[in-house]
Amino acid sequence: MKLLIISLLVALAVAEKVRYDGYQTLRIEPKGVIQNDYIHHLAETLNEKYDFWTHNRNGFTDVMMAPNLVGGFKYLLESRDIDYHVMVEDVQTLIDNQDGILPSTGFYETYHTYEEIQAWVKDMANQYSSIATETKFATSFLGKEINGLKISTGGNTKRVVYFQGGIHAREWVSPATVMYMTNQLLENNGEGFLDEFDFFIVPSLNVDGYEHSWTSDRMWRKTRSTHAGYLCVGVDPNRNYEHKWNEGSGSSGNACSDTFRGPSFHSEPEVEGTTRFLKDLKEEGRDIACFIDFHSYSQLWLSPYSYRKLYAENSDTQVGAAKEACAALEGVHGTAYTYGPSAITLYAADGCSVDWGYAELGAPYSYVVELRDTGRHGFVLPENQLLPTGQETYAGLKALLNSIKNNS
Ligand code: 0X9
Ligand code: ZN
């Protein structure tokens, strides 16, 4: 009987997996103020029915939609003479081909489940026990542990470098890249950085959302929390940070939106837990040097501010270090990145981690990095790109850390 119920539940779970047959992603390329404002207006008002994969205030916008909406949307654009082309013909095909024609097998060449990531944390801590410690950062809304690693040669006086992956569930290349880089750091005994820095690393922050993107909906972005009085599940954790929460633009008060900011800042235990962890380090007297939040996609290395078009007080220093990171990154496989202050380079969004890292935590170097690609596969980057993405991003990280070291 028990077995029957379990298999029924499994069958139900499999049957309920969201499919994206016939879904298309259009790349819209507005020209001039009127077209740009119009697309921006659509992105702000239609984000329940349409999935704005990426929205650039003065550049292109990628939007995914169900097959029955494609015709009408194209008509809307054509009637206003706005340029667009189909970027992804069929999103389900993209999802089905994620592991490529010749599936790769290496650990850092494949995507991993939440369980595998947590087991990897333990493995790393065991294998490199002289410098690595398994560290609990937070507990998710659904009660899962959010574990990561501390890498240190001991003492409590070194400057802190913190980075996190997987804040947005569907951006699978982010945890994969954070894991690759962490392994490199460990294999190479800290690459000479451990005299200067202690590392704190969270490979997968939004663990409930990540699990959901594996089991039910590959395109899930938010957390999986529910809040009394709100009809839809999930908050955008990258609109949930305290700094200027709901005081700029680019977040939504509608719980069904993919950029829902939540009922209050730090309403999400994933955000509350990881920020508390870092605040505690600060209160213990630690100097926090660097905060990085890894996302995908667009190939960008962005610094504060995000909530509005404003330069950080030390913007030149932060952008300078980002420039060095991008040059080193591009040197590995030729992958081109854009760098600059977030709202000025991309679009304004309030309650973002990058602003919190700089303005609330006080890290003089705070970044949001958007990994590969530039839209051909979007969030569904094929596994054969994981290794090169890891390699180049690691080169970028090392250049960044050297720049931070040399600037102080
Ligand atoms: O919107 C986000 O949270 C990030 N993009 S993503 O596609 N990964 O969701 C970008 C945040 C960067 N900040 C600003 N755009 N201001
Ligand atoms: Zn993201």
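Remarks
- Members of the stretch 238-254 found to be under 20 Å from the mean Cα position of the chain (by Cα) and open to solvent by less than 50 Å² (accessible area, probe 1.4 Å), listed by number: ASN238, ARG239, ASN240, TYR241, HIS243, TRP245, GLY250, SER251, SER252
- Of the residues making up the stretch 243-261, just one is without any contact (Cβ under 8 Å) to a residue 40 or more places away in the chain and touching a His at 6+ places or on another chain (Cβ under 9 Å), namely ALA255.
- When GLY340 is tested against the conditions (1) on the phi > 0 side of the Ramachandran plot; (2) touching a residue at least 60 places away in the same chain (Cβ under 8 Å), the lone failure is (2).
- Scanning the stretch 48-84 for residues that are touching a residue at least 24 places away in the same chain (Cβ under 8 Å) and of a type in the set (S, T, N, Q) yields THR54, ASN56, THR61.
- Among residues of the stretch 156-179 that are open to solvent by 10 Å² or more (accessible area, probe 1.4 Å), none has a Cβ under 7 angstrom from a residue that is within 14 Å of ligand 1 (Cβ to nearest atom) and outside any helix (DSSP H, G or I) at a sequence gap of 6+ or on a separate chain.
- Inside the stretch 366-405, residues that are in contact with a strand residue (DSSP E or B) (Cβ under 9 Å, 6 or more places away or on another chain) and within 16 Å of ligand 1 (Cβ to nearest atom) make up a count of 17.
- Test: residue in the stretch 283-298 that is more than 22 Å from SER140 (Cβ to Cβ), within 16 Å of ligand 1 (Cβ to nearest atom) and open to solvent by less than 10 Å² (accessible area, probe 1.4 Å): yes
- Residue count for the stretch 269-297 satisfying the condition of being within 16 Å of ligand 2 (Cβ to nearest atom) and either touching a Lys or Arg at 6+ places or on another chain (Cβ under 9 Å) or not assigned by TED's automatic domain parsing to the domain that holds THR177 (or both): 2.
- Picking from residues in the stretch 164-189 that are β-branched (Val, Ile, Thr) and either in the same structural domain as PHE52 (by TED's automatic domain parsing) or within 11 Å of ligand 1 (Cβ to nearest atom) (or both), the one that is farthest from ILE95 (Cα to Cα) is ILE167.
- Of all residues making up the stretch 180-237, the number that are open to solvent by 10 Å² or more (accessible area, probe 1.4 Å) and of a type in the set (S, T, N, Q): 7
The values are calculated or read from the model by the stated rules, or taken from the named source; none is laboratory data. Since this is a predicted model, take the numbers as computed values, not measurements. Quick reminder, even Gly has a Cβ in these numbers, built from the backbone with ideal geometry, and neighbours come from all protein chains shown. What goes into the accessible areas is simple: the full protein's heavy atoms, side chains included, and nothing from ligands, DNA or RNA. Shrake-Rupley method; radii C 1.70, N 1.55, O 1.52, S 1.80 Å.
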